[in-house]
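**Q** Pasting a structure below so you can have a look.
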Amino acid sequence: MTANCLVPACLVRDRPPRTARRMGARFPKRTVRNSYAAPQARRYLSSSRHLPNGIGTTNGHIMMRRVSPERPWSRGLAIALIAVLAVLGAPAAPSARAIINGEVALGSWGQVEVLLDGSYRCTGSLIAPNWVLTAAHCVPSAGRMTVRVGGRIRGLGETFEVRRNVPHPNTDVTLLELNGEVENFNRIIEYDDTRRPPVFQQVDIHGFGPTEPGGPPALELRSARLEVELNRAVPPMRDWGPDGALLQMQPFRGSPIQGDSGAGVIRDGRLQGVYVGLHGPQQYAVALQAIQGWIYQQTRRRPAGAAERIEDLAVMPMGDGRAQGYGSSHGSGFRDELRRRAISEVHSLDFVGSQRSGQTPDPDHEGYPGATIGEIARRADTAVGQYKPNVVLLNAGTTEMERGVAGAAAEMGTLIDQVLEDAPKAAVLVSTLAPVRDETVQSRIAAFNKEIPGVVAQRARAGKHVAVVDMGEVTTDDLADDGLNPNDRGYTKMAEAFDAAIATASVENWIVGPGDEQRYAYRAMPLGSSTTYGEKSSDGNGYRDVLDQGLQGIAERNGGETGEGGAKVKLMNDTDDTPQVDMVGSVRVGRMADRDNEGWPGRRIHEIADKATCSVKLYKPNVITLIAGGNDVNQNYQMDGAIGRLESLIRQISKDAESTLVLVAGVQPYTDPAWDARGKTFNAQIPGLVERLGDEGVNVMYVDHGLQLSDIGPDGNHPTDQGYDKIGAAFVKAANEANAQGRILDPVYQDSGEVSDACGITDGGTGTDDKSSKLGTHWDDRGVIQAKQFPSTDRFWMVDINQDRKAEFVTVDKNQNFRFWWNGGPSGNAWVPFVEGQNSYKPRAGAVGNQLRFGDVDGDGFPDCMVVDLKGTIDLHTWKAGNPAGSRMCMEPRDNTHVYSNGSAGERLNIDPSTKIRFADVTGGGRDDYLLIKPDGATTAWYNRGFATERQLTYLDWTPPQQISGALQNPREIRYADINGDKRADRILITLKGGARAWINEGPRGSGGTYRDIGKIAEDGDLPPKDIQFADLDGDGKADFLRIGWTGVTHAWLNKLPADYFDTFHP
């Protein structure tokens, strides 16, 4: 490969022709200056994308565009991506050289063809299922751009239209968004924009460019190896990028030529640059680190290493003889090679399964030689549930192909469904079949392979984590003597394909650690001394509450959440106010919800490092906010070495929690002139330190908190509340920038065997003596009584199940699976832990979570389950006392229970979707009534007169509807619950800021409609109104105030309103 494009304007000679000038061709006017190299770091993976061509040359010099530098960081899985179309009968490779003096590429490495009006234009890199990265000059202003994805043979594969072209603003790099998604996971190459290839290191470029100047594009992908001369080169042409944005390389084996523009520069299996052209003997590429974060901003695809490291990768190879390894010399097939790759990529991989074979340290699998897909399903039926894999590698169907058994693709779909039912969190990676030598069998395999993407896509569209792994790289030359199973080389190719697919699944966040119920977006550790501790702050929180809320805001924006609970949290134990943020550390102090941190007052930098040795490894934060050095400054402790000690601490963190983002700020100003001078000198060295570490791949950012002397308190040392808020805001701003660049990894799965106090716990208390409740004097704040977290798609209730008047905690997931936990009530200052109970109820198929209701409709004191709709339908199941324990609740179906326009008769209802359907006893009759609450707060009730029988027909007798309360001036969330213990549901309005006011139900028993306004019953608690429910939690007959967050964490305030409180109005 040599230059970039295949158009005549790119082949200018000594002087630019007028046509070239008119086309905007530019020519070198600058020389390249020297640069420095980053020390070599760990292996990386990369992903590429394809982009367009179009370059000018003079004296054989090719031209390109620009890039802009940023900071490197990363870590990840190493993958090798291979894809050949031999299975499809691809033509034999030509003997001509493709890249000048290059070699035939051994794999596709994510490279694709970029086409203009159907003709080859450039090479690109597929970095995501629907994104290609290439050179910007490859995409002209006019013409139809398409991309062909298929493997090493040009002209074969699937063609996608380019939906849009997204050029980088100042480099010769662009992104092409495709009009569909590539289904084969192992076609993708991971990109790495966190570091540059070091000087003197070798990189690979693979392209379809001509094998000689002026020739046609190569028929197959060719490879060149180049050596990096400068990794921060000044571009010879200004269109290529700004100073320092380019890699300057010399050919080592083979040389890119025209038509190779846009090809990926690959190091250690990861895309780290985009080739743009040559100038003299030098080859140039835009370094992705120079545009760090831009690809993520456009595609939301994280760079290699930004996906969560899976500490417990439980992989089940499943299938027939190929899953077992039949035909390999060692009997382990692809499994041992995959194991070696996983170890080199710092995964902790454990093969699981009921079968054991092969010469490998980990021989477990679920492969059955000679078994059909149906037989595999029967044999593996119990194994998946028993071993709980989080990745299943499925390679099956060869037996059917050999025997000519029809329906194999449908059987594969059934097997996939069975695996997902037994392991719903698993990523199921389904491979196509490698070829065989027998032509008849091969024709069946080709047909089967064409069906598999459709089988997989059907499950993927339903939200299942299922993907295709293309085994097209395996050819008939890679088969054992039997002509049916792969040899060692073939199994190695299979391992490469599965390895690539696992890496992509990891980037897609498909892989979860075993038993990992809750995924925090951020596990943040504030690290330092007294400023981190929050000393002298009025609430004991320091800057940590602002940080906590700020990170929650970022998580909500990333996830599209509404973010109703944005107010600053001031009260201990309210852990659901920031449900996506877990503050961690071995120190607890302050009055905020999550008090954990790693702040050690009085400690110097090296002493903080000693404390961090345990805590960083234990808690595995993905964000660390670091302020250290204040005590070194005020003690004048070896200040010449202070910046070196800070560097050692940051390196220690990077080693103990690899790729964790470290946000490091300087110390605050001091009123003491000597202290302040030492602090300023120390602070001035931090930006340079951060830049040096960043160039080495350490994920670190400098944060300027901007504190002035006016932000320092009376002690001349610690910030005021205003100063602490500034620090928190500065850290949040930096985290926002890092998030936009994709530099914050998902939190690492934490080993359930590690206990939270393994490093010891130091509790500094709340920081104040104020023990009051934020809801007011008559609400006993019991903190979080139920801390278990669930997927946000679950729905939550508090329902009394056993007639002890204490409501149990109930969840129903998106698949209508019903669970509950017994409520033991308060015990002293604590709460009896909730214990899961047994039940057999499951709402009918198709009943979404917002259709389910609970209440006592038949008046027996036990809860009933109702599925409702907008037509007045009530699918009722009541308590079945004769059943054994665990199968009584909601197990008795009841007929004739619906509500009509005239009560139990009349027309079907036509309820507006904005109206809320609720059940509550508003008459005091011991049975819950049917309520419709309009958006303006007006409520209509159908009173429940119990079951009646007429002419041998038993039905639920509803009165005709009547309005029991009118519209409100400022309606928000309305609840009906008994707050004064008279067994009649009162009307409660949740205020904008999470307080409550009430209207007491004073209607005659058996009737309703009389409510007296008593005003405020709870102060504003800075709580999201939609999270607030009322239920009796302690069995005193009065509904208590609780907040059930969107992940199920439940905070309770017990109702201690005295009897005379309800007699008067409270403004």
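The values are calculated or read from the model by the stated rules, or taken from the named source; none is laboratory data. Since this is a predicted model, take the numbers as computed values, not measurements. Backbone-built Cβ (ideal geometry, glycine too); neighbour counts: all protein chains shown.
**Q** Of everything in region 349-395, what is surrounded by fewer than 24 Cβ atoms within 10 Å (Cβ to Cβ) and among the acidic types (Asp, Glu)? Give them in sequence order.
**A** Asp350, Asp362, Asp364, Glu375, Asp381
**Q** Only one of Arg121, Arg144, Arg148 is surrounded by fewer than 24 Cβ atoms within 10 Å (Cβ to Cβ), in the same structural domain as Val286 (by TED's automatic domain parsing) and within 16 Å of Gly262 (Cα to Cα). Can you tell me which?
**A** Arg148
**Q** Condition first: touching a Pro at 6+ places or on another chain (Cβ under 6 Å) and surrounded by fewer than 17 Cβ atoms within 10 Å (Cβ to Cβ). Now tell me which residues in region 957-980 satisfy that.
**A** Arg972
**Q** Quick one: which strands (runs of 3 or more DSSP E) sit completely within region 179-286 and have at least 2 residues that are among the basic types (Lys, Arg)?
**A** The qualifying strands (runs of 3 or more DSSP E) are 222-233.
**Q** Mind checking which pairs have a first residue in region 647-665 that is in a helix (DSSP H, G or I) and a second that is among the charged types (D, E, K, R), Cβ under 6 Å, 6 or more apart or different chains?
**A** Asp656/Lys617
**Q** Would you mind stating whether Arg253 is basic (Lys, Arg) and within 36 Å of the chain's Cα centre (by Cα)?
**A** Here the answer is no, as Arg253 does not meet what is asked.
**Q** Of the residues that sit in region 124-177 and are polar (S, T, N, Q) and in contact with a Ser or Thr (Cβ under 7 Å, 6 or more places away or on another chain), which one is farthest from Pro453 (Cα to Cα)?
**A** Asn170
Rundown of residues vs (1) assigned to a loop (DSSP other than H, G, I, E, B); (2) of a type in the set (S, T, N, Q); (3) surrounded by fewer than 23 Cβ atoms within 10 Å (Cβ to Cβ); (4) in the same structural domain as Pro833 (by TED's automatic domain parsing), yes/no style:
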site	(1), (2), (3), (4)
Tyr955	no, no, yes, yes
Lys993	yes, no, yes, yes
Gly1003	yes, no, yes, yes
Gly1006	yes, no, yes, yes
Gly1015	no, no, yes, yes
Leu1023	yes, no, no, yes
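**Q** Can you give me the number of residues within region 384-395 that are at pLDDT 95 or above and over 25 Å from the mean Cα position of the chain (by Cα)?
**A** Final tally of qualifying residues: 1.
**Q** Of all residues in region 902-918, how many are of a type outside the set (D, E, K, R) and over 22 Å from Gly937 (Cβ atoms)?
**A** Matching residues across region 902-918 total 5.
**Q** Separate question: For region 774-790, name all the residues that are under 21 Å from Lys993 (Cβ atoms) and either small (Gly, Ala, Ser) or in a loop (DSSP other than H, G, I, E, B) (or both).
**A** Once the filter is applied, which keeps residues that are under 21 Å from Lys993 (Cβ atoms) and either small (Gly, Ala, Ser) or in a loop (DSSP other than H, G, I, E, B) (or both), region 774-790 yields Lys774, Leu775, Gly776, Thr777, His778, Gly783.
**Q** Continuing with the same structure: Would it be correct to say that Asn717 is at pLDDT 85 or above and assigned to a loop (DSSP other than H, G, I, E, B)?
**A** Criteria met by Asn717.
**Q** What number of residues within region 370-406 are basic (Lys, Arg) and in a loop (DSSP other than H, G, I, E, B)?
**A** The number of residues fulfilling the criteria is 1.
**Q** Would you check if Gly454 is in a helix (DSSP H, G or I), more than 23 Å from Pro317 (Cβ to Cβ) and outside the structural domain of Arg187 (by TED's automatic domain parsing)? Quick ask: steps written out before the conclusion?
**A** Numbers: in a helix (DSSP H, G or I): yes; more than 23 Å from Pro317 (Cβ to Cβ): yes; outside the structural domain of Arg187 (by TED's automatic domain parsing): yes.
So Gly454 passes the test.
**Q** Could you tell me whether Glu177 is of a type in the set (Asp, Glu), in the same structural domain as Gly241 (by TED's automatic domain parsing), surrounded by 24 or more Cβ atoms within 10 Å (Cβ to Cβ) and touching a strand residue (DSSP E or B) at 6+ places or on another chain (Cβ under 6 Å)?
**A** It is false that Glu177 is of a type in the set (Asp, Glu), in the same structural domain as Gly241 (by TED's automatic domain parsing), surrounded by 24 or more Cβ atoms within 10 Å (Cβ to Cβ) and touching a strand residue (DSSP E or B) at 6+ places or on another chain (Cβ under 6 Å).
**Q** Going by what's in this entry, would Gly463 be described as part of a loop (DSSP other than H, G, I, E, B) and either on the phi > 0 side of the Ramachandran plot or in the same structural domain as Leu106 (by TED's automatic domain parsing) (or both)?
**A** Here the answer is yes, as Gly463 does meet what is asked.
**Q** Restricting to region 707-726, give me the number of residues that are under 17 Å from Lys680 (Cβ atoms) and out of contact with any helix residue (DSSP H, G or I) (no Cβ under 6 Å at 6 or more places or on another chain).
**A** Number satisfying all stated conditions: 6.
**Q** From the list Val430, Val474, exactly one residue is free of Cβ contacts under 8 Å to residues at least 60 places away in the same chain and either under 19 Å from Ala503 (Cβ atoms) or not in a helix (DSSP H, G or I) (or both). Which is it?
**A** Val430
Per-residue answers, yes or no, for (1) within 13 Å of Thr134 (Cα to Cα); (2) crowded, with 24+ Cβ neighbours inside 10 Å; (3) of a type outside the set (A, V, I, L, M, F, W, C):
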residue	(1), (2), (3)
Arg225	no, no, yes
Ile257	no, yes, no
Val265	yes, yes, no
Gln272	yes, yes, yes
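**Q** Inside region 608-621, can you point out the residues that are crowded, with 17+ Cβ neighbours inside 10 Å, part of a helix (DSSP H, G or I) and charged (D, E, K, R)?
**A** Lys611, the sole residue that qualifies.
**Q** Being in contact with an Asp or Glu (Cβ under 8 Å, 6 or more places away or on another chain), under 24 Å from Ala503 (Cα atoms) and either at pLDDT 90 or above or part of a loop (DSSP other than H, G, I, E, B) (or both): is that true of Ala409 here?
**A** Answer is no for this residue.
**Q** Could you pull out every one of the strands (runs of 3 or more DSSP E) wholly within region 824-937 that has 1 or more residues that are of a type outside the set (D, E, K, R), touching a residue at least 60 places away in the same chain (Cβ under 8 Å) and touching an Asp or Glu at 6+ places or on another chain (Cβ under 7 Å)?
**A** Numbers: elements: 852-855, 864-868, 874-878, 892-894, 916-920, 929-933.
The strands (runs of 3 or more DSSP E) meeting that bar are 852-855, 874-878, 916-920.
**Q** Pick from Arg987, Arg1005, Arg1043, Arg975: which is modelled with pLDDT of 95 or more, in contact with a Ser or Thr (Cβ under 9 Å, 6 or more places away or on another chain) and not hydrophobic (A, V, I, L, M, F, W, C)?
**A** Unique residue meeting the criteria: Arg987.
**Q** Further question on the same structure: Given the conditions (1) over 30 Å from Arg743 (Cβ atoms); (2) at pLDDT 90 or above; (3) charged (D, E, K, R), and given that Arg523 satisfies all but one, which numbered condition is not satisfied?
**A** With respect to (1) over 30 Å from Arg743 (Cβ atoms); (2) at pLDDT 90 or above; (3) charged (D, E, K, R), Arg523 is out only on (1).
**Q** Looking only at region 713-737, filter to residues that are buried (at least 21 other Cβ atoms within 10 Å of the Cβ) and hydrophobic (A, V, I, L, M, F, W, C); which one of those is nearest to Pro673 (Cα to Cα)?
**A** My answer is Ile727.
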